[in-house]
Amino acid sequence: MSAVARGEPACVSLLDTIDRRPYKKVAREQSQQRTREALLEAAIEEFYSDRWSTTSLEALAARAGVTKQTLLRHFGSKEGLLIQALVRGAAQVLDERWSTPVGDVDGALENLLGHYEAWGRRARQIGAWQDAPSVLAKLSQAGRQVHYQWIEFAFGPQLEGLDEASFSRRRAELIVICDVQTWWILAHDLELPRAEIKAILIGMIDRTLGAPRG
């Protein structure tokens, strides 16, 4: 007897025939991804709060709302979790910094200030690791290289065509002007508002590039 003959809505019979396994698989994968993200974020928070060496697997798992066994299933070890967390952070930084408009001083500073407002405290910590144990020192060195490369990328059109000495000098000046420590002094030590910080940096950059604004 058909579903209609039995008095059942036709849509119920149709839904009963659908294989729900793909939907369950997607839901399970989404849940696992949320778990991974929660664990990665917990690791980053503990690491940059200088609690990593004393934080247990149980505490990390609890911070993420999961069990120690779940943490180990996803990352294998505490060190494995940290490595993946740092890799994820580096990828986020690269995506943000390299979204800057090339050759646009205003746009570059908007990108830079937004990045420092989100990552500045952590960037200063990374910069201080240059004399730390090897892994942290390499991370610190990599962070500095990213900044140097961003300067050449963001201000490439303004630096193009300069002789070697002029290029090196202006590149060095831009590296210092756009450094996280410069931003920190203006934003935190002097407590200047964002608009004033941007105006100061633009003035410094324009003088360096020889392009004063009217």
Contacts under 8 angstrom Cβ, first residue in the range 52-79 being touching a residue at least 24 places away in the same chain (Cβ under 8 Å), partner in a helix (DSSP H, G or I) and loosely packed, with under 14 Cβ neighbours inside 10 Å, 6 or more apart:
74/32
Scan of the range 145-199 for residues that are part of a loop (DSSP other than H, G, I, E, B), among the hydrophobic types (A, V, I, L, M, F, W, C) and within 15 Å of residue 115 (Cβ to Cβ), ordered by number:
178
Within the range 78-92, is there a residue that is over 15 Å from the mean Cα position of the chain (by Cα), part of a helix (DSSP H, G or I) and basic (Lys, Arg)?
yes
Failed item, numbered, when residue 214 is tested on (1) part of a helix (DSSP H, G or I); (2) at pLDDT below 90:
(1)
Could you tell me whether any residue of the range 123-132 is assigned to a helix (DSSP H, G or I) and either closer than 17 Å to residue 210 by Cα or in contact with a Pro (Cβ under 6 Å, 6 or more places away or on another chain) (or both)?
no
Determine whether residue 97 is closer than 23 Å to residue 176 by Cβ and at pLDDT below 85.
no
Would you say residue 150 is surrounded by 13 or more Cβ atoms within 10 Å (Cβ to Cβ), modelled with pLDDT of 95 or more, farther than 24 Å from residue 79 by Cα and under 17 Å from the mean Cα position of the chain (by Cα)?
yes
Being closer than 30 Å to residue 179 by Cα, modelled with pLDDT of 85 or more and of a type in the set (Gly, Ala, Ser) is the requirement here; does residue 77 meet it?
no
Across the range 42-51, the tally of residues that are free of Cβ contacts under 8 Å to residues at least 40 places away in the same chain and either among the basic types (Lys, Arg) or surrounded by fewer than 19 Cβ atoms within 10 Å (Cβ to Cβ) (or both) stands at 4
Which pairs do you get when a residue that is modelled with pLDDT of 95 or more, found in the range 161-189, comes within reach of a residue that is outside any helix (DSSP H, G or I), reach meaning Cβ atoms under 6 angstrom, with the pair 6+ apart or on two chains?
174/155; 186/192
Does residue 88 qualify as being of a type in the set (D, E, K, R), under 27 Å from residue 59 (Cα atoms) and touching a residue at least 12 places away in the same chain (Cβ under 8 Å)?
yes
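The values are calculated or read from the model by the stated rules, or taken from the named source; none is laboratory data. On a predicted model such as this, the values are computed, not experimentally measured, just so you know. Neighbour counts run over all protein chains shown; Cβ positions are idealised from the backbone, glycine included.
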